1. Please find the FRET efficiency linking residue 29 to residue 64, where r is the Cβ-Cβ separation and R0 is fixed at 22 Å, and quote it to the nearest 0.05.
2. Could you tell me which label, among (i) 63; (ii) 42; (iii) 69, carries the value of percent of Cα pairs over 20 Å apart calculated for this structure?
3. If you build a Gaussian network model of the chain, linking Cα atoms that sit under 10 Å apart, which residue out of 44, 100, 58 swings the most?
4. Measure nothing fancy, just the Cα-based angle from helix 5-14's long axis to the longest principal axis of the chain, in degrees from 0 to 90, nearest 10.
5. By how many degrees, between 0 and 90 and to the nearest 10, does the Cα long axis of helix 38-49 differ from the longest principal axis of the chain?
6. Tell me the mean residue ellipticity at 222 nm calculated for the chain from its helices only (DSSP H runs of n ≥ 4, each -39500 (n - 2.57), averaged over every residue, nearest 500).
7. Compute the angle between helix 110-123 and the longest alpha-carbon principal axis of the chain, please, reported from 0 to 90 degrees and rounded to the nearest 10.
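What follows is calculated from the coordinates using simple rules that are stated; it is not laboratory data. Here the structure is a predicted model, which means the values were calculated and not measured. Using ideal geometry, Cβ is built from the backbone for each residue, glycine included, and neighbour counts are taken over all protein chains shown.
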């Protein structure tokens, strides 16, 4: 079950500095718009497509932790990672674990998630059946 092209386009068009994770703001640029977008993007896809949230550490060549990376496992078992391209060749995404999403809004980067979600829903035409 690939992510519908219209949804992929809406998400990517909505990425901006204001939807970037605070910890990645220094590295975000229009040349790498996916940088810092993984958490909010994974939550928006989860809202619209369901499935599982996947989380993995990202390591640098010396073994130190660069950060974490979020993406989705869709209901059919396929993985959807719209932000994988944010990483430099030397940043290694490790094996993921499934994370159960707590109810309600995210505590971390809440505003980024809400901004991205609103922009995506606007681009999709606030279609009926979209989560509220």
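1. About 0.45, to the nearest 0.05.
2. The value matching this structure is (ii).
3. 100
4. 70
5. Result, in degrees: 30.
6. Here the helix-only value at 222 nm equals -8500 deg cm²/dmol.
7. Orientation of helix 110-123: about 50 degrees from the principal axis.
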